[in-house]
1. Taking the alpha-carbon distance from A:Lys7 and a cut-off under 18 Å, which lysines remain once sequence neighbours fewer than 8 residues away in the same chain are dropped?
2. Residues of A:115-124, mean number of Cβ from any other protein chain within 10 Å of their own Cβ, rounded to a whole number?
3. Under 1.5 on a/c is rounded, so check that first for chain A, then, if it is not, pick prolate when a/b is larger than b/c and oblate when it is not; a ≥ b ≥ c are the square roots of the alpha carbon gyration tensor eigenvalues.
4. Suppose you put the label 7 Å out from Cα in the Cβ direction; list, shortest first and in nm with one decimal, how far A:Lys330 is from each other copy's label.
5. Sort shortest first the distances from A:Arg37 to its counterpart in every other copy, using label points 7 Å along the Cα-to-beta-carbon line, and give them in nm.
6. List every residue whose amide H lies under 5 Å from the amide H of A:Lys209, counting only residues 5 or more places away in sequence or on a different chain, with H placed 1.01 Å from N in the peptide plane.
7. Taking amide hydrogens as modeled 1.01 Å from N in the peptide plane, which residues meet the under 5 Å criterion relative to B:Lys133, leaving out close sequence neighbours?
8. Calculate the mean, over all residues of peptide A:184-196, of how many other protein chain Cβ atoms lie within 10 angstrom of the residue's Cβ.
Protein chains: 2
Amino acid sequence: MVEIYKKSLFDIPKDIVYLDGNSLGPVLKGIEEESHRVISKEWGKKLIKGWNESRWMAQPVRVGNKIAKILNAEKDSIVLGETLAVKLYQALSAAIDLRKDRSIILTDSGNFPSDLYVAQGLIDNQSRDLKLKVVDPEDIKSSIDDSVAVVMLTQVDYRNGRMHDLDSITNLCHSCGAIMLWDLAHSAGAVPVYLTKSRCEFAVGCTYKYLNGGPGSPGFIYVRPDLIKNCSTRIRGWLGHKYPFDFSREFEQADTIDVMRVGTPPVIQMSILEKALDIWEDVSMEDLREKCIELSEIFISQVEKRCPDLELASPRDPFLRGSQVSFAFKEGYAVIQALIDQGIIGDFRAPNIMRFGITPLYLSENDILTAVKCLEKILKEGLWNSERFLKRKLVT
Amino acid sequence: MVEIYKKSLFDIPKDIVYLDGNSLGPVLKGIEEESHRVISKEWGKKLIKGWNESRWMAQPVRVGNKIAKILNAEKDSIVLGETLAVKLYQALSAAIDLRKDRSIILTDSGNFPSDLYVAQGLIDNQSRDLKLKVVDPEDIKSSIDDSVAVVMLTQVDYRNGRMHDLDSITNLCHSCGAIMLWDLAHSAGAVPVYLTKSRCEFAVGCTYKYLNGGPGSPGFIYVRPDLIKNCSTRIRGWLGHKYPFDFSREFEQADTIDVMRVGTPPVIQMSILEKALDIWEDVSMEDLREKCIELSEIFISQVEKRCPDLELASPRDPFLRGSQVSFAFKEGYAVIQALIDQGIIGDFRAPNIMRFGITPLYLSENDILTAVKCLEKILKEGLWNSERFLKRKLVT
């Protein structure tokens with residue numbers, strides 16, 4: 001077993017325990033040099049020639065192939081670009097067009113709200129009748145029937161870490177003739193995913209969480225290879241054209257995954273991501289998952305022992321959880337601020353959820369114990385009950 | 001008059017004359033330090049706290065305000081994000097919804113093909129009858145009538161630099177009750193634009209050309225302030241929500257220009273752009289335009305004198321041209337490759353257009369003369385007629 005703990009490859013400030021990799025991954029060593037190289041050697045020296053000589057144009061699929069390895073997806077089935085919300089819009093558009101005779105997009109209340117907004121925005125502007133049906137996560141399976149055009153789910157709940165069984169839901173979806181679209185924002189780099197094996201039609205995700213691509217790193221989209229060729233497109237940007245540099249007036253869509261490209265890719269941000277993905281080359285997702293569960297179990301048992309006022313908000317069964325453990329507490333916001341003040345970085349989601357990302361690439365058992373002890377102290381001594389922690393800021 | 005020529009503020013390789021700022025602007029000094037600062041000091045040290053403490057969340061509007069100054073637009077009327085194609089999709093969606101009783105989107109054959117693809121992709125998926133009408137650029141004015149819902153034009157033609165009169169077309173458009181949408185990809189930082197004065201409803205553009213934001217720097221969108229509040233949205237990402245961090249299930253759209261945000265902004269790329277925009281603080285667009293015309297006139301007269309085989313493809317009247325001069329030549333592709341080989345960087349657009357961007361911030365009269373002499377030599381000695389220049393590469 002290759003060592004999973006690779007903290008020496010990261011540039012994480014010494015005095016902190018970072019439990020927020022589920023929101024924004026930390027900086028890997030070599031990222032600054034890569035950014036320097038792209039700016040000075042490629043953009044600076046090659047200027048416009050960078051598009052050819054530095055292979056910027058091929059980068060979105062090249063980086064997609066690195067992500068495909070992590071997700072056990074086919075080569076040339078994933079492309080990067082824009083943001084997760086845009087990629088979701090593209091995937092959902094294509095998905096509904098594969099089931100024109102059906103009217104329901106099924107999702108759950110555990111989905112990231114943005115996914116619901118994107119779906120509703122799309123539905124409100126269709127020529128056909130479509131309806132977004134939002135059920136409780138535990139009712140998803142029983143709600144899949146042959147009225148459903150598309151099942152659109154985020155595998156891991158952003159608040160409590162509850163995880164759907166990707167394979168069994170995809171199978172059920174297919175047995176009812178519906179199209180499966182997974183949002184893997186909290187899965188990619190966190191839990192093992194076998195995209196090819198699942199036979200799901202579409203998947204999307206982001207790269208700034210567990211994949212450590214940096215703030216605002218682009219989104220990705222997966223299309224099952226047999227569907228790429230006739231994939232329908234709503235947002236037809238020039239780079240989705242089969243021959244973009246012919247500049248023809250008619251849109252002839254690419255017959256490769258490039259069809260899901262839209263505009264000019266963010267080369268600098270994409271280069272940083274490409275570099276950040278190197279760390280995954282010898283990571284076994286199964287080993288990482290095993291370690292993640294081990295650390296999570298320690299975290300949960302220690303918190304429950306030392307901080308009895310907190311209530312576990314995540315599923316207790318590790319196989320029903322992603323890579324994140326959440327606890328509910330009425331003054332959770334202030335507690336998280338007090339923790340951050342002590343160098344323990346978690347985050348908060350309304351109304352009362354304290355989130356802790358368990359990322360074995362850079363978290364040790366010792367880090368977990370340090371975090372719990374700090375949490376215990378903050379709660380026992382009421383340190384959170386201070387004006388500066390109670391006042392809400394924008395993001396966490 | 002403040003000096004327009006500021007080449008000392010750029011990091012342009014010594015041995016080249018860069019005539020391709022219309023495609024990708026060069027690196028400004030300080031950009032590398034800025035990228036270093038964002039990666040190590042903000043992402044690296046502050047991690048997730050960067051969203052608050054480093055004001056990443058407010059950056060898309062803050063940078064928009066810098067662009068608003070260049071385009072003489074209202075404060076808080078421009079926001080950055082994703083790519084030009086996505087922003088165009090958003091703008092055109094909102095525009096057609098303002099004229100639900102009309103059926104024509106009018107554009108011209110000089111528009112960037114991507115804009116036509118985006119429009120057609122949108123039209124093909126509407127519940128109402130809409131038609132894209134593409135006329136010749138000289139027929140635009142006579143084609144605006146009260147069947148037209150939206151006039152969608154790129155002000156400066158990407159091939160020949162032909163420039164539409166933004167104000168008179170906008171006025172005509174409004175006199176027929178249509179909505180005006182300008183693509184300023186080749187205008188922003190190239191020619192004076194008075195967005196507020198024009199009263200146009202929407203504008204979009206990119207930031208990696210004359211604004212020097214770097215490869216894949218994000219797109220921008222302008223919405224006339226009186227229209228922002230009830231602007232319709234197709235792509236409803238979480239950051240277009242009035243209170244994104246409430247994570248409510250219903251989409252309540254922002255009543256500010258944030259409504260045109262979609263997903264998580266590319267912070268590193270955006271920070272580089274923000275820094276690159278500093279140079280515009282004391283640039284008068286009128287002075288820059290005057291200098292651009294002066295240099296362009298020298299370029300045209302010298303090329304016509306020394307290279308009689310080339311045919312001017314741009315309008316001869318400088319007031320009908322943007323900041324780019326194009327010449328047609330059957331073997332234009334090979335000539336451009338031979339020029340690049342000599343350090344004179346222009347580019348090529350099919351079928352036979354050689355493009356030269358005239359950017360007075362970093363081009364002197366001497367540069368222009370050097371370029372023409374090199375072009376003359378390549379043509380007179382037939383240096384372009386070589387295997388290595390004739391073989392087509394992807395981009396230029």
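1. Counting by Cα, and skipping residues close in sequence, A:Lys7 has these lysines nearby: A:Lys29, A:Lys209, A:Lys275, A:Lys291, B:Lys45, B:Lys46.
2. Numbers: counts 2, 6, 15, 8, 2, 4, 10, 4, 0, 6.
Counting Cβ atoms of other protein chains within 10 Å of each residue's Cβ and averaging gives 6.
3. On the way: a/c = 1.96, a/b = 1.30, b/c = 1.51.
Here chain A falls in the oblate category.
4. Inter-copy label distances (nm, one decimal, shortest first): 8.6.
5. List, nearest first: 2.5 nm.
6. A:Gly25
7. Under 5 Å from the amide H of B:Lys133: B:Ile105, B:Leu106, B:Thr107.
8. Numbers: counts 0, 0, 0, 0, 0, 0, 0, 0, 0, 0, 0, 0, 0.
The mean count of partner-chain Cβ atoms within 10 Å per residue comes to 0.
Bear in mind that the values in this text are calculations on the coordinates, not laboratory data. Nothing here was measured: the structure is a model prediction, and the numbers come from that model. Here Cβ is always computed from backbone atoms with ideal geometry, including for glycine, and neighbour counts include all displayed protein chains.
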